[in-house]
Amino acid sequence: MRIRKFLLTENEIPDKWYNIMADMPNKPLPPLNPATKEPIGPDALAPLFPMALIMQEVSTEKWIEIPDEVREIYTLWRPTPLYRAHGLEKALGTPARIYYKYEGVSPSGSHKPNTAVPQAYYNAKEGVKKIATETGAGQWGSALSFACSHFNMECEVYMVRVSYDGKPYRKVMMNTWGANVYASPSNRTAAGRKILAEHPDSPGSLGIAISEAVEVAASDPNAKYALGSVLNHVLLHQTIIGQEALKQMEKAGEMPDIVIAPFGGGSNFAGLSFPFLRLNFEEGKKIRCIASEPASCPKLTRGVFRYDFGDTIGMTPLLPMYTLGHNFIPAPIHAGGLRYHGAGVIVSQLLKDKLIEAVSHTNPEVFKAGIIFARAEGIIPAPEATHGIATVIREAQKCKEEGVSKTILFNLCGHGHFDMKAYQDYFEGKIKEHELTDAEIRESLKELTTPEIA
Ligand SMILES: *Cc1c(COP(=O)(O)O)cnc(C)c1O
């Protein structure tokens, strides 16, 4: 019998996170104060984040200890399985050997609890009573609700309107773990009221929801803010994925030639790929790491590398990143988790330095890929994850055309059980190709006054 699953035991859960900052040839440029354009220090972030996370945000230590309490909660779903995709290989008729790491086994159904748990832990340890956050597809809000329930903390979630309406059970899931959930833009914040005054029918965006959650956290001394992607400490926590996958690939007797993951702000991509990039840095390996983004929100493949705000209103520091402009409102595509206007600063610098690659896929293409996968492997992928699968299929077909057998590893970062509406829309022919024009991108970048970074 052929082996399908490569498993680890609980005591093989890594006890450190890998910090790629230590190995990067060019470190990311510092965040800037928007008023003075001077680099900000850790203190500037103190109203929003606990000090332990701020220190991780700026750390250049290569290995950072995972607290025992966090590892113990990780055992609820970790280590996660690594699968050999025998079914997909057969369906594609490819000589490529395809593996995937499955993060959908977590309580909330994606990789997000890998960082939600340590974020809640460090907040609780510093006496924080409430965490405010935003959520796009609902994955991050669910993960943080689950994590806060473990530490008896209040959780307030601003959920992008289009997802709030489209995914009612995500909201109920968060309520079950004890969180309060509001559709964003809301009337509860000045940021939300400003948007609603201009666009009463706004479908919302991650950038707007971030503005709301940041405002709530900044105006309450007992509250802090948490972000589910983009920031360095979030990417750091997710490296647990790639470290496990590396051990599992060793058990399978293989090393990937190509590592692929979908890309929203960069956390699941970083989580899987950074421990493999470490081998490129340390041992001169040439593992290709490819980020897959939607053609309708293409910051990596069509954005500019500039200082920009992380939110829509402009409350965050200026960050050096690939961006479509903080006012960019993507088409309401079904991969809610990939609708963010920018990319994390570490991933942006790696792309600038050509140490990673990026590709994009249209909406119909990713649903086609997701359905091929579901029929071949059984698991129904989250719409976000189907972007990575579309890249896998592209690379596997290249292997077939060229008659070479490469080893491909990808991140199946979540299941799609709460996204059946999206699949239904696809089956009913409602999912259309969305062509974003250069003029639309120029328009969205118009208000960005910072120069391109050389
Ligand atoms: C949040 C999310 C993403 C996108 O965020 P990243 O930080 O880029 O990983 C992708 N897939 C799923 C399932 C998500 O929940």
From the list Ala191, Ala213, pick out the single residue that is out of contact with any Phe, Trp or Tyr (no Cβ under 8 Å at 6 or more places or on another chain), closer than 25 Å to Pro317 by Cα and crowded, with 23+ Cβ neighbours inside 10 Å.
Ala191
Here's a check for you: in region 285-317, which residue that is away from the ligand (no atom under 16 Å from the Cβ) and charged (D, E, K, R) is least open to solvent (accessible area, probe 1.4 Å)?
Asp308
By residue number, the members of region 248-277 that are among the aliphatic types (A, V, I, L, M) and surrounded by fewer than 24 Cβ atoms within 10 Å (Cβ to Cβ) are Met249, Ala252, Met255, Ile258, Leu277
Restricting attention to region 112-148, report how many residues are within 12 Å of the ligand (Cβ to nearest atom) and either open to solvent by 10 Å² or more (accessible area, probe 1.4 Å) or out of contact with any Cys (no Cβ under 9 Å at 6 or more places or on another chain) (or both).
13
Suppose we keep only residues that are more than 16 Å from the ligand (Cβ to nearest atom) and in contact with a Phe, Trp or Tyr (Cβ under 8 Å, 6 or more places away or on another chain) within region 247-284. Which one would you say is nearest to Ser229 (Cα to Cα)?
Arg278
Among the residues of region 431-454, what is the count of those that are open to solvent by 50 Å² or more (accessible area, probe 1.4 Å), among the small types (Gly, Ala, Ser) and not in a loop (DSSP other than H, G, I, E, B)?
1
Selection from region 403-454 of residues within 29 Å of Ile287 (Cβ to Cβ) and not aliphatic (A, V, I, L, M) yields Gly403, Ser405, Lys406, Thr407, Phe410, Asn411, Cys413, Gly414, His415, Gly416
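Residues are listed down the side, and each one gets a yes or a no for (1) in contact (Cβ under 8 Å) with a residue 60 or more places away in the chain; (2) within 16 Å of the ligand (Cβ to nearest atom):
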residue: Glu198; (1), (2): no, no
residue: Gly207; (1), (2): yes, yes
residue: Asp220; (1), (2): yes, no
residue: Ser229; (1), (2): yes, yes
residue: Asn232; (1), (2): yes, yes
For Cys289: the one exception among (1) farther than 13 Å from Ser360 by Cβ; (2) in contact with a His (Cβ under 9 Å, 6 or more places away or on another chain):
(2)
Of the residues Glu443, Glu428, which is out of contact with any Gly (no Cβ under 6 Å at 6 or more places or on another chain), more than 13 Å from the ligand (Cβ to nearest atom) and closer than 30 Å to Leu32 by Cα?
Glu443
Residues satisfying the stated conditions in region 320-344, i.e. surrounded by fewer than 24 Cβ atoms within 10 Å (Cβ to Cβ) and more than 20 Å from Val160 (Cβ to Cβ):
Pro320
Residue check, Arg84 basic (Lys, Arg), touching a residue at least 12 places away in the same chain (Cβ under 8 Å), away from the ligand (no atom under 16 Å from the Cβ) and more than 22 Å from Ala213 (Cβ to Cβ)
yes
Which of the residues that make up region 352-387 are of a type in the set (A, V, I, L, M, F, W, C) and free of Cβ contacts under 8 Å to residues at least 60 places away in the same chain?
Ala369, Ile371, Ala374, Ile380
Conditions (1) touching a strand residue (DSSP E or B) at 6+ places or on another chain (Cβ under 6 Å); (2) more than 16 Å from the ligand (Cβ to nearest atom); (3) at pLDDT 95 or above; (4) closer than 19 Å to Ala124 by Cα: number failed by Ala213
(2)
Return only the number of the condition from (1) buried (at least 17 other Cβ atoms within 10 Å of the Cβ); (2) at pLDDT 95 or above that Leu45 does not satisfy.
(2)
Could you grab me the full set of residues in region 10-56 that are out of contact with any Ser or Thr (no Cβ under 6 Å at 6 or more places or on another chain), in a strand (DSSP E or B) and touching a residue at least 40 places away in the same chain (Cβ under 8 Å)?
Lys16, Leu32
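The values are calculated or read from the model by the stated rules, or taken from the named source; none is laboratory data. Nothing here was measured: the structure is a model prediction, and the numbers come from that model. Every residue, glycine among them, receives a Cβ derived from its backbone with ideal geometry; neighbour counts consider all protein chains shown. Note: areas computed on protein heavy atoms with side chains; ligands, DNA, RNA excluded. Shrake-Rupley method; radii C 1.70, N 1.55, O 1.52, S 1.80 Å.
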